[in-house]
1. Hey, any hits in the range B:580-590 for a residue that's surrounded by 11 or more Cβ atoms within 10 Å (Cβ to Cβ), part of a loop (DSSP other than H, G, I, E, B) and over 60 Å from the mean Cα position of the chain (by Cα)?
2. Tell me, which residue of the range A:48-71 that is aromatic (Phe, Trp, Tyr) and part of a helix (DSSP H, G or I) is surrounded by the fewest Cβ atoms within 10 Å (Cβ to Cβ)?
3. Evaluate the following for A:Thr106: is it under 22 Å from A:Asn275 (Cβ atoms), free of Cβ contacts under 8 Å to residues at least 60 places away in the same chain and among the β-branched types (Val, Ile, Thr)?
4. Considering only the range B:160-178, how many residues are of a type in the set (Val, Ile, Thr) and away from every other protein chain (no Cβ under 14 Å)?
5. Would you say B:Thr332 is modelled with pLDDT under 85, assigned to a helix (DSSP H, G or I) and within 14 Å of another protein chain (Cβ to nearest Cβ)?
6. With respect to B:Leu435, determine if the residue is assigned to a helix (DSSP H, G or I), surrounded by 16 or more Cβ atoms within 10 Å (Cβ to Cβ) and at pLDDT 85 or above.
7. Out of the residues in the range B:119-142 that are at the interface with chain A (Cβ under 7 Å from one of its Cβ atoms) and not polar (S, T, N, Q), which is surrounded by the fewest Cβ atoms within 10 Å (Cβ to Cβ)?
8. Residues in the range A:270-290 that are part of a strand (DSSP E or B) and more than 14 Å from chain B (Cβ to nearest Cβ): how many?
Amino acid sequence: MTDQLNFQIRSRIGLVVLVWSVLIGLVLTGCGAEEPKVYRVGVLSGLSFVADITDGFKTEMTKRGYIEDKNIIYDVQTTDFDMVVYQNIIQKFVEDKVDLIFVFPTEASLEAKMATAGTGIPVVFDFTLIEGIDLVDSIREPGGNITGVRYPGPDIALKRFEIMQELAPEAVRILVPYQRGYLNVPPQLEALYPVAEAAGVTLIEAPADNEVELEKVLQMQTKLDAILFVAEPLTVNPDAFAVIGKYAAEHKIPVGGALLSVDGYDSVFGVNVNNISTGAQAARLADKILRGTAAGTIPVVSAENYLQINYRAAQELGLNVDEGLLSQADEIIR
Amino acid sequence: MAETLKTKRRLKPRSLTATLGIGFVALSLVVLLLASSLQLYAYFLAEQAVVAGKQRLIAQDAANEVRSFIQDRFEELKAAVKFSDLSNPTPAVVERNLGKLLGLQPAFRQLIQLDVDGQVIARSSRRSQTAGSEAMDRFRAEALARTSQKEQYISPAYIDEITFEPLLVMAVPVQDIFGDYQGSLIAEVNLKFMWDLVDRLKVGQTGVAYVVDRPGNLLAFGDITRVLAGENLSNLAEIAEFVKREDVFSEFEEEGTSVSTGINGTRVVAAYVPLGTPDWAVVTELPVIEAYTDVIQNFAISGMIILIIAVLAGISGVYLARSLAAPLHSLTETVTRITGGETQLQAKVEGPTEVAQLAEAFNKMTSQLQILLNSLEEQVQERTAELSLSMEVGQRASVIRNLEELLPTITEFIREQFDLYYVHVYFVDDVGENLVIKAGTGTVGQELLARRHMLPVGPGSIVGQVAASGQSIVVSDTEQSEIHKPNPLLPDTRSELAVPLTVEGRVIGVLDMQSDQANTFTEKNLTVFEAMGIQLAISIDSAQQWAASQNAQQRAEEALKRLTRETWSENLTTRRENPAYAYDLAIVSSLPPGTENGGVSVPVTVQNQSIGELSVKTGDGRSLSEDEQALMNAVAQQLAQKAETLRLFEQTQQRATREQIARQITDKIRASGDIESALKTAAVELSKALGAARAVVDLQVRQPSGEPDQSQSVDAKAANERTSSAQDTLSY
């Protein structure tokens, strides 16, 4: 009787042990499963003119599986060109030990590179002119902890000049306003001067620190045929553009380079990059970095030119816009 | 130590359930694994071919996509040429057309139209006119040469120096309506627009496709950074094969597939298809796990089936084992209970035939064991009873000290207690030659005692043999015995046992018992009777010793009594007055010898020897009460003791006086200078001491009288020899 009882007890104990083993195995498997990491990305949107780059970045990140507030948290800091603010924001990102910094434009990218040196925090830049500044070692191997999307600055400046010439072939005195001391301006001007000279065009530089100073500079100008923007932050500032637009409207001269419309003042065309697309390009690089590739080994990618034509503004100024040019436009405002 | 533990573990018996369960699982696993392995291997081979075919198809599709990308660009260029106004190819018109074409296809980065002489009619660029035409110009002559032959041209891929994006130059001839060559339309194509196409190529769920040129440089891949990095993939097996091959592309050629390390470093099933024009290859890679998903699933399903069957087999084995084990457990339980004392229990005959047979055999065995056990119990009871009787015999014998009483009593007691036919005891005589009967039961015993029946020690009788050897003899059945000799006086004897009566290793006699039942005495109960014989022998010896001591004591008492009588006689004789006194309530007067005392007398005894009497005569003639007589006895006893004490004191004084006189005489004798004076002194002093009238000292040697003992004769002879040399007599 005792043996039979022991036999039954042993059988039941065996069954219980089996069930518990399975349960413990399942629990341990569950415990062993890694919880998805939540990435924190600091975004410094340093130029409101191209702030939608962040949208393109986020959209592409979402496509790649980074769902905001689920497995990725964005700390988006938006500002306009202000070096002190840039530094403060970047410093905050460093202190927060974010997993990645996405930054634009050029000056902010430079600040990000300097502030994150030695921290291991990778930086992805966008809307950044890399020529003439010490941001990357090379396009193929940027080095350090940085990579990003290159803004084709000098070529865009030339393209803007060519289109301005095509729209206003009579323009021989062209004002080039820009943010005083902005790093990327000299390379662009260097590219422009030979072409302008060959075309018999006089480029009149108008460096200013703000719209007030810009207005004064404009008031001092006489007999301007056109105003051409190079890639810099001052002219794309709405207040500054309003000053320029007002001046251009008063003098009935075309304004081109970056497409803006402020207070009823419009530029005629813009050659730039597609903010959404370039943001998406940057997102692909960020994805690769978050998956473990060192940022410095990822080649810098180049943004494509994006041509916008304000056909209506051109017609109001009596400019002839060729079909060929219109055909190349990525965006036409009628 | 560990090895020992291991061995112990190995040797640990496993339960039937576990054994059968494991056996079923193992057997089913072996069979299923063998069958499944063969089936899966065959399936794997078939699936491998299928995977290879699929992979080739995927690679072909991918190649067609890439080929289409290039072909479409050619078609766009050709269409542009076809729909151009060639009648008046002014630069403005051409530039407009080129601009439209740029707007139509973003992959075109630059377009140049040349006239029949190779001069630039117009140029249109997505970039600035001043930038980036050097590379394109590098292939212009080559393109012109080809297009002038009315052939289309495509250059090798090259890398943009600023963006590091791959580019190539394509050119088509410009022909008029008659087909005459009018110039060339050259386009610089940015292959980054092929990246998205390649990235979109679907290769399974997780596979990838990419494009390499002949040197193995990566031209298009989902991870564009690797393209921009100018990665060369000729280290990969598939790419190396493409790089090395020199044969011309055959559109319908079937390329092989292989499992190798892919572009992402994982094991993949890779296939490539050369495009021919351009001289690229499209490579598709599918991770092995995905490529062989069906095989893996099949493996998994087979594994699950095997597992399920193994579990079922295990359960079946356990169920079967338990059904087999249940009757065994029942049997085990029965055994346990029987072991616990329930000896009447029977196992249930149930279960499989073998187990039922086992239960039956077990029941038979337990029955036989029960019988044996009962028999043993009976024997034990018999032995116990016999031992008890034996002890009783010993006890009875030990309390009887008189041998004359002991032997008949015990022999009869043994006969009665053991329900025997006849019992008798023989003693070995003083010379050890014969056995003399000392006791016997019944009339036969009386007759033999009367006859003083004797048997010689040694062969000739069972009793004689036992006395000679000191070993018991059992005759369980007299009819079967050769040594048993029938006694006419005991005709019904069927079983006989004779045990020696041994004391300190010496046989003093034999106890012989006879039964009228065969097998009353056996080797099994021999020990009991031998023990009884030992006890009886001890009792006999004890009785003999007791009798001897009694005799000795009696003799001692008689001697003491005689000595007391003689001493007192002598003492009384030497006294001047008659030691008898009377008190008549007035005076104490001495009585003359022979006076009758009358009245009540009590003896005055010393050492049980009466030395006188104490008499009391009452005046009224009444007799004395018991208390008075007791008083008289006590007084007589006290008187006797005192008298004896005083006598001894006197005797001691006399001895002391004699010894003193003897010492004085001795001292004087010692003072003598020769024998004569010593003799004289002895005679004089002895006469004085004794108050004798005459004392004689006469030295002469006489023949000593006594038993004619040899040794005494020798001593006498020696004495004679010693005195023969001296004078014969010397007297005073």
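1. Yes, there is a match, as at least one residue in the range B:580-590 is surrounded by 11 or more Cβ atoms within 10 Å (Cβ to Cβ), part of a loop (DSSP other than H, G, I, E, B) and over 60 Å from the mean Cα position of the chain (by Cα).
2. A:Phe49
3. Spelling it out, it is not the case that A:Thr106 is under 22 Å from A:Asn275 (Cβ atoms), free of Cβ contacts under 8 Å to residues at least 60 places away in the same chain and among the β-branched types (Val, Ile, Thr).
4. 4
5. Criteria met by B:Thr332.
6. No, not satisfied.
7. Checking each candidate, the answer is B:Ala131.
8. The qualifying residues number 1.
The values are calculated or read from the model by the stated rules, or taken from the named source; none is laboratory data. Owing to the predicted nature of the structure, the values given are computational and were not obtained by experimental measurement. Quick reminder, even Gly has a Cβ in these numbers, built from the backbone with ideal geometry, and neighbours come from all protein chains shown.
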